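Notes follow the structure.
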Amino acid sequence: MNLVLPRQFAPPKNTFALGVILAILSNVMFAMVYAYGKWLPPLTGTAVFLWRMVMMWGCLVALISVLGKWGFVLGGLSRVKGIRGWVWLLAPTPIFASQLWLFIYAPLNGHGVAVSMGYFLFPLVMVLVGFVMGERLTRLQWLAVACAGVGVCMEIMRTGQVSWATFWVCLTYPIFYVMRRRQNIPALTGLFVDLSIIAPICLVALCFHASAMSAVIGSPVMILKVIGLGLISVLSQQANLEANRLLPTSLFGLLGYLEPALLFILAITVLGGVFEWQMLTSFGLIWVGIICLLTQGVAKRWGR
């Protein structure tokens with residue numbers, strides 16, 4: 001999941017390579033988190049999510065302390081004004097929590113391909129959201145949306161059902177991003193607030209989930225694994241934030257398409273997701289839409 005910080009100045013040229021490396025590394029680590037639950041038996045998807053949130057909060061606090069970022073994080077909170085401001089800040093937290101849960105739950109319960117499809121559709125839905133909010137769409141963007149729409153309709157006709165996992169990703173995440181953009185606070189501050197709300201609830205849930213608690217506490221290896229899950233989760237977010245700071249917005253957005261591609265590959269290989277050849281047409285149209293967006297982004301990047 002990519003979190004975007006506002007950028008006011010172009011990064012120096014000598015940071016360009018570092019930004020590309022961090023962007024690729026963050027997406028690879030996101031994919032590692034996606035498959036991590038496979039390495040944590042006997043924990044269920046929900047139990048892995050609970051441990052991830054608790055450990056992610058602890059690792060985030062440690063990272064902020066090591067980097068000396070508390071002034072930055074708390075300074076972002078100072079921008080929140082009045083009850084309305086706090087409502088805008090806290091209202092999208094349940095959406096964020098549900099997405100993080102689905103990200104862990106889905107690959108362990110046969111919804112890996114559906115979730116990867118949702119992440120492919122997410123940027124296309126964001127294009128439509130931009131149109132609703134008054135942005136003009138280019139012909140390539142309209143073509144991208146049209147191809148994706150036809151692809152989704154064909155997949156629904158093929159399976160005879162709508163995947164709730166796909167639509168939960170691509171329809172609720174835009175709400176989260178729009179609300180956070182209106183709030184206009186640093187992504188690191190938003191992440192700290194979200195986890196500070198979610199992690200205590202997850203810790204309480206773990207206390208009532210005896211099997212999930214004992215499976216970890218009773219095993220030094222499992223303790224190291226869940227700490228590793230939290231650490232990878234935080235480092236992936238931090239690398240993503242740094243890449244966003246160092247790279248031009250358009251290039252950062254293009255590199256973000258690496259994540260759903262990796263998720264799809266993992267879903268049909270490591271995680272045992274079912275891939276049928278009939279899916280090539282529907283998924284192919286969605287990928288055509290993504291290629292149109294990539295082409296639009298490259299053209300914009302080089303001013304053509």
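Return the residue satisfying two criteria in turn: it lies in segment 272-300 and is in a helix (DSSP H, G or I) and among the small types (Gly, Ala, Ser), and of such residues it is farthest from Phe122 (Cα to Cα). The residue in question is Ala299. Just to be sure, is Gly190 farther than 23 Å from Val54 by Cα and crowded, with 18+ Cβ neighbours inside 10 Å? Taking the combined requirement at face value, the residue does not satisfy it.
Condition check ((1) crowded, with 19+ Cβ neighbours inside 10 Å; (2) of a type in the set (A, V, I, L, M); (3) under 19 Å from Trp277 (Cα atoms)) across all residues:
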| residue | (1), (2), (3) |
| --- | --- |
| Phe120 | yes, no, yes |
| Met126 | no, yes, no |
| Phe131 | no, no, no |
| Val152 | yes, yes, yes |
| Ile156 | no, yes, yes |
| Gly160 | no, no, yes |
| Phe167 | no, no, no |
| Phe176 | yes, no, no |
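Let's see how each residue does on (1) crowded, with 21+ Cβ neighbours inside 10 Å; (2) modelled with pLDDT of 85 or more; (3) of a type outside the set (Ser, Thr, Tyr):
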position: Phe16; (1), (2), (3): no, no, yes
position: Ser26; (1), (2), (3): yes, yes, no
position: Phe30; (1), (2), (3): yes, yes, yes
position: Tyr34; (1), (2), (3): yes, yes, no
position: Gly37; (1), (2), (3): yes, yes, yes
position: Leu40; (1), (2), (3): yes, yes, yes
position: Thr46; (1), (2), (3): no, yes, no
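Restricting segment 257-277 to residues that are modelled with pLDDT under 75 and of a type outside the set (Val, Ile, Thr), which is surrounded by the most Cβ atoms within 10 Å (Cβ to Cβ)? Once the filter is applied, the top-ranked residue is Gly273. If I filter segment 100-114 for residues that are surrounded by 15 or more Cβ atoms within 10 Å (Cβ to Cβ), of a type outside the set (Phe, Trp, Tyr) and over 23 Å from Val48 (Cβ atoms), do I get at least one hit? No, segment 100-114 has no match at all.
Suppose we keep only residues that are within 16 Å of Ser236 (Cβ to Cβ) and out of contact with any Gly (no Cβ under 7 Å at 6 or more places or on another chain) within segment 50-83. Which one would you say is surrounded by the most Cβ atoms within 10 Å (Cβ to Cβ)?
Going residue by residue through segment 50-83, those that are within 16 Å of Ser236 (Cβ to Cβ) are 52-53, 55-60, 62-64, 67.
Filter once more, keeping what is out of contact with any Gly (no Cβ under 7 Å at 6 or more places or on another chain): 53, 57, 60, 62-64, 67.
Numbers: Met53: 28, Trp57: 24, Leu60: 25, Ala62: 13, Leu63: 16, Ile64: 20, Leu67: 11.
So, considering only residues that are within 16 Å of Ser236 (Cβ to Cβ) and out of contact with any Gly (no Cβ under 7 Å at 6 or more places or on another chain), the one surrounded by the most Cβ atoms within 10 Å (Cβ to Cβ) is Met53.
Within segment 179-190, residues that are in a helix (DSSP H, G or I) sit with their Cβ atoms under 7 Å from residues that are at pLDDT 80 or above and of a type in the set (Phe, Trp, Tyr), at 6+ positions apart or across chains, in these pairs: Met179/Trp88; Arg182/Trp88; Gln183/Trp88; Leu188/Phe72.
The single condition among (1) part of a helix (DSSP H, G or I); (2) under 30 Å from Tyr36 (Cβ atoms); (3) out of contact with any Gly (no Cβ under 6 Å at 6 or more places or on another chain) that Leu124 does not satisfy is (3).
The values are calculated or read from the model by the stated rules, or taken from the named source; none is laboratory data. Everything quoted here is computed from the prediction, not taken from an experiment. Here the Cβ is made from the backbone with ideal geometry for all residues, glycine too, and neighbour counts use every protein chain on show.
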